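Each value in this text was obtained by applying a stated rule to the coordinates, not by laboratory testing. These numbers were taken from a predicted model, which means no experiment stands behind them. Note: ideal-geometry Cβ built from the backbone for every residue, glycine included; neighbour counts use all protein chains shown.
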Amino acid sequence: KNICVIGLGYIGLPTAALFASRNFEVLGVDIDPRVIETIRQGKIHLEEPGLKTLIKDSLKKGTLRVSSTPAEADIFIIAVPTPVYEDKRANLEFVKQAVRDIIPFIKQGDTMIIESTIPPRTTDDVIVPMLQKAGFDPKNNDLYVAHCPERVIPGKILIELVENHRMVGGVTREAAKRASEVYKPVINGKIIETEAMVAETAKLMENTYRDVNIALANELAKIAARLNINAHEVIELANMHPRVNILEPGPGVGGHCIAVDPYFMIEKAKDVASLIQTARKINDSMPTFVVEKVKQLTSRIANPKIAILGLTYKGNVDDTRESPALTIVHKLMTDKHNYTVKCHDPLLRQEHIPLKLYGLHEALEDTHLALVLADHQPFKQLHPSVFAETMKHPIIFDTKNCIADDPDITLYKIGHLSGL
Ligand code: SAJ
C-alpha cells in the first residue's frame, strides 16, 4: 500500500520511516525545502535515537521518498504542527492547509488520518466539512477519515511508536476499522477503535493530566519553600502509598505538548475548565519563582555571574520549544541586577540557538551560582569537584533534582531551599 505522510517533524518523520522500514511505499511531504534537501542527503534535521539509520536504510531500499508536494496514495497521514495563537487558541491553519493540499490527490476509498493534536470535535466540525465541500462524503464512507493521535515521548520515539497502545477515532465505525488496519502491521501495542471526538479528547486529557499533576508538584515545592520542608523527601515518602504518584517539581513545563495541549480543552469550555487553567498558571509561574530564588541566593553579591546548565525543555532532548529555561535566562538577562549569564547545553549546537553557548568549564569559571535547568545525563554524572574547582563560591541551584550532594558544594534544590 502507498502512504503519503504530510509533515516531516518529530512525529511525521519517524512515522514515515517506520512504515517505510516495513516495506510500505511511503512518500514523505514537507513544505520546508530545507527539510526535503536534508533528508535526500541522508541526514535529518532533528535528533532522535535510531531515526537516522532507519531513514538511510529506507531511502536506500527505495521504500521512502520525500517531496515538497503530495501525490496519490491509498493512505494519507497528516502530522503537521498545531501552534497556538497569542490568546492560546489552537491555530489550525497548518492542518487545514494540509487537507487542502491533499484534496486534489484523494480518491474515493482512500483513508485519511489526522495525527496532529487538535481541539475536541475538530475532525467532525472542521475537517469533515472541508472534505464535503470538495465533493466527498466521509459520513457515508466514500472516504475513511480518522483521528489517530500519537503518544510518543521525544527521546524514545521509535520505541514508543511501536510499543504504545494506539487509539483510532473514526468519523464512522468503518473509518476507525480502516485506520486500525493501517497501524496493525507496524504496532505491537493494542489498537482501540473509537469515535474521532473521543480520541481527540483522550489525547488532550493525557497531557492535561500530566500538566495538572506537575502543577501539584510545583505547588508543593512553593509551599515547602515557605515552610522550610524538603519537598523531594515528601514526594518520595508519599509515593510509597500504593495509589499516590506525585510528579517532580521543576523550573516549569515546556515542550510543544504539555505546555500547549491543555489550552485546547480550555478553549472549548473555558468557564468549566477551572482546574486546567489554574494548573497552567502554576506551571507558568515557575520561571518567576526560580528567578526570585536566584535573586535571594545572590543578594549579597555585586554583579552576580550565573552559569546556566541546560536550556532545552527537558533532559536529553535537543528541543527548546516553550522551554522554561529560555524564559528564565531572558528574565535574568533583562533584570536590573545586572546578572552576567553564561549558558551551557551539551545537547544544543550553536547554530540552533541565538544565545551564546559556552563549554562547561568556560560557563562555570568564576561564576557565583550554577543554575541547573535540564537534567541531561552528563549533568547527572558531573563530579562535584568540577563545581568546586571552577566556581568562585560553588553554589548550585538544581531545579531538576539531578545533582548529587557533596560537602564541597552548597546545593539548593527546587524542592529543598532550606534557609532561603
Ligand atoms: N516535567 C516536570 N516534572 C515532571 C515531569 C515533567 O516538570 O515530573 C516537565 C518536563 O521537564 C518538561 C515538561 O514537563 O518541561 C514536559 O515533559 P514530559 O516528559 O512530561 O512530556 P513531553 O512533552 O516530552 O511529552 C508528552 C508525553 N505525554 C505524557 O506523558 C502524557 C508524550 O507521551 C506525548 O506523546 C507528548 O507529550 C505529545 O506529543 O503530546
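With the Cα gyration tensor of segment 321-374 giving a ≥ b ≥ c as the square roots of its eigenvalues, does the rule (a/c under 1.5 for rounded; else a/b larger than b/c for prolate; else oblate) give rounded, prolate or oblate? Here segment 321-374 falls in the oblate category. Simple spin-label estimate for L275 and E181 gives 4.0 nm between the two label positions (7 Å along the Cα-to-Cβ direction from each Cα).
From the cross-link list K52/K190; K203/K331; K88/K305; K156/K184; K314/K380, which pairs have alpha carbons spaced over 24 Å apart? Could you put the intermediate results ahead of the total?
On the way: K52/K190 27 Å; K203/K331 33 Å; K88/K305 35 Å; K156/K184 20 Å; K314/K380 13 Å.
Long pairs (Cα-Cα over 24 Å): K52/K190; K203/K331; K88/K305.
How charged is the neighbourhood of M197? Take every other residue with its Cβ under 10 Å from the Cβ of M197, and add Lys/Arg as +1 and Asp/Glu as -1. Value of the local net charge: -3.
In plain terms, if you count all Cα to Cα distances in the chain and split them into 10 Å steps from zero, the share in each step is 5, 20, 27, 23, 16, 8, 2, 0 percent.
Take every Cα-Cα pair in segment 2-203 and report what % of them are more than 22 Å apart. Percentage above 22 Å: 43.
What number, rounded to the nearest 500 deg cm²/dmol, is the helix-based mean residue ellipticity at 222 nm of the chain, given -39500 (n - 2.57) per DSSP H run of at least four residues and division by all its residues? Kindly include the intermediate steps, with their values, before the conclusion.
On the way: 15 runs with 159 residues, N = 420.
My calculation for the chain gives -11500 deg cm²/dmol from helical runs alone.
Given axes a ≥ b ≥ c from the Cα gyration tensor, I'd like to know whether segment 279-382 is rounded (a/c under 1.5), prolate (a/b larger than b/c) or oblate. Oblate.
Could you give the dipole magnitude of segment 10-72 about its Cα centre, charging the beta-carbon of Lys and Arg +1 and that of Asp and Glu -1, in debye to the nearest 20? It would help to have the intermediate numbers written out before the result.
Working: 9 positive and 8 negative charges, 58 e Å.
Rounded to the nearest 20 debye, it is 280 debye.
Extending 7 Å from Cα along the Cβ direction at L237 and again at H352 yields two label points whose distance is 4.1 nm. Computed on segment 110-165, with alpha-carbon pairs under 8 angstrom and 6+ residues apart, the relative contact order is 42 percent.
In a reduced charge model with +1 at each Lys and Arg Cβ and -1 at each Asp and Glu Cβ, segment 2-203 shows a dipole moment near 420 debye about its Cα centre.
Protection proxy ranking, highest mean first, for peptides 212-224, 309-321: 309-321, 212-224, where packing is the per-residue count of other beta-carbon atoms within 10 Å, averaged. To the nearest ten degrees, helix 12-21 and the longest principal axis of the Cα atoms of the chain are 60 degrees apart.
What share of the DSSP beta bridges in segment 2-203 is antiparallel, in percent to the nearest 5?
That works out to approximately 10 percent antiparallel.
Note on the chain: dipole from Cβ charges, positive end direction compared against I308, I258, A404; the farthest Cα belongs to I258. Shown for T334, T122: other C-beta atoms within 10 Å of each C-beta, ranked fewest to most, produce the order T334, T122.
P(r) for segment 226-420: what percent of alpha-carbon pairs falls in each 5 Å bin, starting at zero? Histogram of Cα-Cα distances, whole percents per bin: 1, 7, 15, 19, 20, 16, 10, 6, 3, 1, 0.
Cross-link reach is defined here as a Cα-Cα straight distance under 20 Å, omitting same-chain residues fewer than 8 places apart; for K281 the aspartates and glutamates meeting it are E86, D87, E206, D211, E219, E248, D261, E267, D271, E292, E322.
Test of understanding: what is the full-extension gain from K60 to K1, defined as 0.36 nm times their sequence separation minus their Cα-Cα distance?
Numbers: separation 59, 0.36 × 59 = 21.24 nm, distance 1.87 nm.
Here the answer is 19.4 nm.
Extending 7 Å from the Cα toward the beta-carbon at both K392 and K43 defines two label points whose distance is 4.0 nm.
When you count the other C-beta atoms within 10 angstrom of each residue and take the mean per peptide, 367-380, 192-205, 42-55 line up highest first as 367-380, 192-205, 42-55.
Roughly what % of DSSP beta bridges within the chain run antiparallel, to the nearest 5? Antiparallel: roughly 10 percent of the beta bridges in the chain. Loop-located GluC sites (Glu not before Pro) in segment 51-112 (DSSP state not H, G, I, E or B) with no more than 10 neighbouring Cβ atoms inside 10 Å: E86.
The charge dipole of the chain, taken about its Cα centre with unit charges on the Cβ atoms of Lys, Arg (+1), Asp and Glu (-1) only, comes to about 120 debye. Here the calculated FRET efficiency for Q97 and E292, from their Cβ-Cβ distance with R0 = 45 Å, stands at 0.60, rounded to the nearest 0.05.
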